[in-house]
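The values are calculated or read from the model by the stated rules, or taken from the named source; none is laboratory data. Everything numeric in this text was worked out from a predicted model, so none of it was measured. When we count neighbours, we look across all protein chains shown, and the Cβ atoms used for this are built from the backbone with ideal geometry, even at glycine.
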Amino acid sequence: MHKQKEFVLNRNDATMSKIEKNWWKESIIYQIYPRSFKDSNGDGIGDIPGIISKLDYLKSLGIDMVWLNPVYGSPNDDNGYDISDYYDIMKEFGTMEDFDVLLKGLHDRGIRLLMDLVVNHTSDEHPWFKEAKQSRESAYYNYYHWWPAEKGTPPFRYSHFDQNGNAWTYNKATDSYYLHYFSEKMPDINWENPETRQAIYEIMRFWFKKGVDGFRMDAICYISKDTTWPDVRDLVKEKYNNDWAGYYAHGPHLHDYLQEMHRETMDGFDVTTLAEASGITIDEALLFVKEDRKQLHMLYHFEGMMLGYEKEGYKRPDPNGPNLVELKKVYTAWDEVFEQDGWGTIYLGNHDQPRMVSRWGNDTEAFREISSKMLLTFLLTMRATPIFYNGDELGMTNIRFEKIEDYKDIETINMYKYLKSKNEDLDRFIKDQQTSARDNGRTPFQWDDSTNAGFTDGKPWLKINDNYKYINEAAQEKDDRSILQFFRQLVKLRKHKPVLVYGTYDLYDEQHPQIYTYTRTLDNEMLLIVLNFSKEKVVYDLPFMLDADTEPLVNNRLEFSLEGNNLTLEPYQAFIFGPLAPGTVPKRRAEKVYVRKEQLKEDTSLESSELAI
Ligand code: TEU
Ligand code: CA
C-alpha cells in the first residue's frame with residue numbers, strides 16, 4: 001500500500017523547507033554493548049538471554065530503537081567487529097533462537113532493532129578469507145585486496161589497530177600482502193569485485209527478511225579503494241591533515257556502491273540506516289543522506305568527538321577540557337546542513353568513546369548527577385535523532401585504569417606496543433588513556449549494589465567500576481530525582497512535543513563561554529533551552545524578556561531565580577522554558593548574534609549597535 005507522505009514546514013522565513021516526517025527521525029536510539037550489558041550464565045560475558053531479561057527495563061526507558069553492537073560469529077579480536085559468520089550468533093552471546101526471542105520481545109514492546117553491520121572487513125577466520133589465503137587461484141582470493149610480492153614493498157597504508165601501524169601483512173602461501181585498515185585479523189573486503197558486493201547484499205537481505213529494522217553501518221565510508229594503489233603519503237599530509245580516515249573515506253566508487261546497496265537491499269523494506277561517518281566533512285554529508293539520492297538515511301559525524309584533544313600525542317586530552325564556543329559551532333553547523341534535506345543524529349559517547357559525563361560534563365561527586373542531567377537535556381532537545389549509550393541514563397563514569405594489564409581493547413593494547421617500540425613516553429600514554437580510552441565506556445552495566453553490580457555471577461570480562469555501589473539502576477529506580485528518572489521524563493517530553501523533533505533550531509549568544517542557549521520553533525510553539533556547561537554559577541542576561549511569573553518547563557535543579565532579564569544558573573543547571581508563542585516574546589536586542597551563512601550579506605548592512613549584545 002502506498003503510504004501518504006506527511007510533511008512539516010520547517011521555517012517561517014525565506015529558507016522555508018519541507019522536511020518529510022519519518023519514524024526514524026522521531027526515534028530515540030539506545031545503544032547496547034552486549035558484552036557488558038547483562039550476563040545470564042555466569043561466564044562473565046554479557047549475552048542475548050541477558051538482554052532478554054532486561055526487556056522491560058528497555059521499555060521503561062521509553063526509547064524507540066535499540067542499536068545492538070555486533071552479535072555475529074566472531075573470534076573477538078575486536079569484540080565482534082571481526083566477523084567470521086554473518087549468518088550466525090556469537091557462541092558467547094547465545095543462539096539464533098535467542099536472537100529471534102530478543103527481536104520478538106523488542107517488537108512486542110514497540111521497540112525497533114538496529115543491527116550493527118561490519119562489511120568493510122571480515123575476520124581472518126571468515127571462510128572467505130580462509131579460502132582466499134590458500135592460493136592466488138582460490139575462488140575467494142579476489143574477495144580481498146592483495147599486493148603481489150614480486151612488485152616489491154606495497155605502498156604505505158596506515159592501520160588503525162596494527163602494532164606497527166602498517167595496513168599490509170605478508171601471506172606466505174600466496175606470496176602477497178593483504179590489506180587491513182584495522183588489525184591484521186581484520187582483512188578489508190574487496191568491494192570492487194561485483195560478486196563480493198552481491199554476497200554482502202545477500203547478508204543484508206537475510207536480516208531484513210528476519211525483520212530487523214535497519215543497520216548501523218560500521219566504517220562504511222572506507223569500503224571503496226583506489227586499486228591503482230598510488231603512494232598517498234603526501235596527499236594524506238596535505239589534503240587530509242595527516243588523518244588517514246580522511247583519505248580512506250574518499251574512495252572513487254563509494255557513492256556508486258551505496259546507491260547500488262540501497263537498490264539491491266532496501267527496496268520494499270521499511271528500514272533505516274545509520275552510517276558511521278569517520279573521515280567525512282560537513283560539506284559532503286548530504287551526499288550520503290539527501291533523500292532523493294537513495295543511499296543512506298542517517299550518519300553520525302566525528303567532528304564533535306575530536307574536540308578537547310591536543311594535536312600532539314594519541315587521544316591526548318586538552319587540560320582545559322573541550323571549549324564550549326567550539327562545541328556550539330560544531331553542533332550548530334551540523335544542524336544547518338540538514339535544514340533543507342536529509343537528517344542528523346547527535347551523541348556524546350558510544351563504545352568507541354569514554355563516558356559522556358566524564359568527558360563533556362563533570363564526574364566529581366558534587367557535579368556528576370547534575371551535569372549528566374544537563375547533557376541529557378542537550379541531547380534530547382536538539383534537532384537530530386539522539387543516540388544514547390547504555391549507562392548514560394545512570395551517569396556511569398570513566399574507570400581510569402592505571403595499568404596496561406587492565407585493558408582489553410585491542411586499540412589501547414596495540415597502540416601501547418607501537419609506542420613502546422618507538423621508545424615513547426608510556427606513562428604519559430596511560431595517563432591520557434584514563435581520559436580517552438574506549439574501555440572506559442565498555443565496563444559492565446551497573447544494575448545494583450550486589451557483588452559485580454548485578455552484571456554477572458562469575459568473573460566479569462572487564463573490571464567493573466567500584467562506584468557501582470552507589471551508581472546503579474536499582475538505587476535510581478527508588479529515587480524520584482535520579483538521573484534515570486530525569487531521563488525518562490525528558491524522553492516522554494520529546495515524544496509528546498513535535499517541536500523538539502522537527503522544530504527549527506536557533507542559537508543565541510554563540511560567544512558565551514559557559515552558557516549554551518537556543519530555541520526550537522515549530523508553527524505556533526517555541527521552546528527556549530538554556531544550559532550551563534560550566535561548574536561556575538552564572539548570572540545570565542536572557543535573550544528574551546520572559547514574564548515575571550514564568551516557571552521553567554524543565555529544570556534539573558530545585559533552584560530557580562529570574563529577576564528581570566537575569567536568570568541565575570547554578571553549576572550545570574539546565575532549563576527549558578515554554579511553550580512560548582514565537583514572535584510575541586520580546587527580544588532584549590534587535591538581532592540574535594549568531595548569523596546564518598546565507599543571511600550574512602544582508603545582516604552586515606545592519607547598524608553595528610543592532611548587533612551588539
Ligand atoms: O570504528 C571505526 C572507526 O572509525 C575507528 O577508527 C574509530 O574511530 C576508533 O575506534 C576510535 O578510536 C568502528 C567501530 O565502531 C569500532 O568499534 C571498531 O573497532 C572499528 O570500526 C573496526 O571495525
Ligand atoms: Ca554470558
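The figures follow:
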{"quantity": "Residue match in the stretch 47-56 (condition: more than 17 Å from residue 459 (Cβ to Cβ), crowded, with 18+ Cβ neighbours inside 10 Å and within 13 Å of ligand 1 (Cβ to nearest atom))", "calculated": "no"}
{"quantity": "Meets criteria (in contact with an Asp or Glu (Cβ under 9 Å, 6 or more places away or on another chain), surrounded by 15 or more Cβ atoms within 10 Å (Cβ to Cβ) and among the aliphatic types (A, V, I, L, M)) for residue 217", "calculated": "yes"}
{"quantity": "Sole residue being within 16 Å of ligand 2 (Cβ to nearest atom), β-branched (Val, Ile, Thr) and within 24 Å of the chain's Cα centre (by Cα), chosen from 464, 410", "calculated": "464"}
{"quantity": "Unique match (being in a loop (DSSP other than H, G, I, E, B) and of a type outside the set (A, V, I, L, M, F, W, C)) among 480, 506", "calculated": "480"}
{"quantity": "Any hit, the stretch 295-309, residues being within 30 Å of residue 427 (Cβ to Cβ), charged (D, E, K, R) and either exposed (fewer than 15 other Cβ atoms within 10 Å of the Cβ) or in contact (Cβ under 8 Å) with a residue 12 or more places away in the chain (or both)", "calculated": "no"}
{"quantity": "Qualifying position, being assigned to a strand (DSSP E or B), under 25 Å from the mean Cα position of the chain (by Cα) and modelled with pLDDT of 95 or more, among 531, 527", "calculated": "531"}
{"quantity": "Residue list for the stretch 115-137, restricted to those being closer than 12 Å to residue 77 by Cβ and away from ligand 1 (no atom under 14 Å from the Cβ)", "calculated": "125"}
{"quantity": "Members of the stretch 267-284 that are away from ligand 1 (no atom under 16 Å from the Cβ), free of Cβ contacts under 8 Å to residues at least 60 places away in the same chain and not charged (D, E, K, R)", "calculated": "268, 282"}
{"quantity": "Checklist (1) more than 14 Å from ligand 2 (Cβ to nearest atom); (2) assigned to a loop (DSSP other than H, G, I, E, B) applied to residue 41, failing item", "calculated": "(1)"}
{"quantity": "Candidate set from the stretch 56-77 (those that are over 16 Å from residue 446 (Cα atoms) and among the hydrophobic types (A, V, I, L, M, F, W, C)); member that is nearest to ligand 2 (Cβ to nearest atom)", "calculated": "71"}
{"quantity": "In the stretch 160-186, the residues that are outside any strand (DSSP E or B), in contact with a strand residue (DSSP E or B) (Cβ under 8 Å, 6 or more places away or on another chain) and farther than 23 Å from residue 419 by Cα", "calculated": "174, 175"}
{"quantity": "Helices (runs of 4 or more DSSP H) enclosed by the stretch 317-430 - at least 2 residues per element that are under 22 Å from residue 299 (Cβ atoms) and among the basic types (Lys, Arg)", "calculated": "324-337"}
{"quantity": "Matching residues, the stretch 70-119, being at positive phi and in contact (Cβ under 8 Å) with a residue 40 or more places away in the chain", "calculated": "79, 80, 94, 110"}
{"quantity": "Residue list for the stretch 179-220, restricted to those being within 16 Å of ligand 1 (Cβ to nearest atom) and aromatic (Phe, Trp, Tyr)", "calculated": "181, 182, 191, 215"}
{"quantity": "Test: residue in the stretch 104-113 that is within 18 Å of residue 196 (Cβ to Cβ) and not acidic (Asp, Glu)", "calculated": "no"}
{"quantity": "Some residue of the stretch 238-255 being of a type in the set (Lys, Arg), away from ligand 1 (no atom under 14 Å from the Cβ) and either buried (at least 18 other Cβ atoms within 10 Å of the Cβ) or in a strand (DSSP E or B) (or both)", "calculated": "no"}
{"quantity": "Considering residues of the stretch 88-138 that are of a type in the set (A, V, I, L, M), assigned to a loop (DSSP other than H, G, I, E, B) and more than 16 Å from ligand 2 (Cβ to nearest atom) only, the residue surrounded by the most Cβ atoms within 10 Å (Cβ to Cβ)", "calculated": "119"}
{"quantity": "Verdict on residue 178 being out of contact with any His (no Cβ under 9 Å at 6 or more places or on another chain), among the aromatic types (Phe, Trp, Tyr) and surrounded by 15 or more Cβ atoms within 10 Å (Cβ to Cβ)", "calculated": "no"}
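Per-residue answers, yes or no, for (1) part of a loop (DSSP other than H, G, I, E, B); (2) within 23 Å of residue 489 (Cα to Cα):
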| site | (1), (2) |
| --- | --- |
| 546 | yes, no |
| 550 | yes, yes |
| 557 | yes, yes |
| 562 | no, no |
| 568 | no, no |
| 571 | yes, yes |
| 576 | no, yes |
| 582 | yes, no |
| 585 | yes, no |
